[in-house]
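All remarks here apply to the structure that follows.
The values are calculated or read from the model by the stated rules, or taken from the named source; none is laboratory data. Keep in mind that what you see is a predicted model, and the values were worked out from it rather than measured. Every residue, glycine among them, receives a Cβ derived from its backbone with ideal geometry; neighbour counts consider all protein chains shown.
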Amino acid sequence: MNKKGAIEFSVNFIIILIIATITFIFGIYIFTQIFAGGQEFTGQVSQEVQQKISDILISGREPVIIPNIVMSVKPGKVATFAVGVKNDPKLCSFDTYRLLVKYDTAVNSKGEEVNVDPAQMATWHFPVSEYKIEKNQREVIGVPIRAGSGATDGWTYVFNLGIFCGTGNQMYSGLEKIYVNIR
């Protein structure tokens, strides 16, 4: 009896050890899949795009340039809109600029405007960002928008982008619209 009990104990211990090892390996796999698939919520713009926008700002008269106002993105991913801002002292006597992003509306795949909870949409973007741009200088700013919870495939989400001069409510350029298509 003692020998049989010892064998049962050894077999049970080995089975528990195998199950624990498999569970541990599966846990590591899930952990790496979750964190490897994540995307930072930053407004980084590539050097190439920064250079192209900077060249346009040098040669053009426009104080603000958004070369790509429509971006397609998968749910959970980030669309970064590049915004070029030139500090023109004739238009703004300050060197501080504020970018205000606000959800505007959503359109479904049939082209119909749909109601979406604005509080939910506020989690998709940073509402206000402040930048310092010296006089006669230019800056390319990345405006990230993450297609967060509630992103529906085939819908287009519209955001207003306002650029303000200084800390007050003086708009530096007209209200811009950017569009995020969910695919």
Selection from segment 99-129 of residues that are of a type in the set (D, E, K, R) and under 18 Å from the mean Cα position of the chain (by Cα):
LYS102, ASP104
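Take residues that are aliphatic (A, V, I, L, M) and surrounded by fewer than 19 Cβ atoms within 10 Å (Cβ to Cβ) and tell me which of the strands (runs of 3 or more DSSP E) falling wholly in segment 46-148 contain 1 or more. Walk me through it before giving the result.
Working: elements: 70-73, 78-86, 96-107, 128-132, 138-146.
Passing ranges, in order: 70-73, 96-107, 128-132.
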With the requirement that a residue be in a loop (DSSP other than H, G, I, E, B) and among the small types (Gly, Ala, Ser), what does segment 150-168 give you?
GLY150, ALA151, GLY154, GLY166, GLY168
Sort through GLY60, GLY76 and tell me the only one that's modelled with pLDDT under 90 and over 30 Å from GLN137 (Cβ atoms).
GLY76
List pairs: first residue in segment 95-118 and not assigned by TED's automatic domain parsing to the domain that holds GLY154, second residue exposed (fewer than 12 other Cβ atoms within 10 Å of the Cβ) anywhere in the structure, Cβ distance under 7 angstrom, at least six positions apart or on different chains.
none
Where residues in segment 92-103 are out of contact with any Leu (no Cβ under 7 Å at 6 or more places or on another chain) and either modelled with pLDDT under 90 or of a type in the set (Val, Ile, Thr) (or both), which of them is farthest from ALA122 (Cα to Cα)?
SER93
Residues that are out of contact with any Phe, Trp or Tyr (no Cβ under 6 Å at 6 or more places or on another chain), closer than 21 Å to ILE69 by Cβ and modelled with pLDDT under 90: does segment 104-123 have at least one?
yes
Can you pull out the residues in segment 11-57 that are of a type in the set (Gly, Ala, Ser) and at pLDDT 80 or above?
ALA20, GLY27
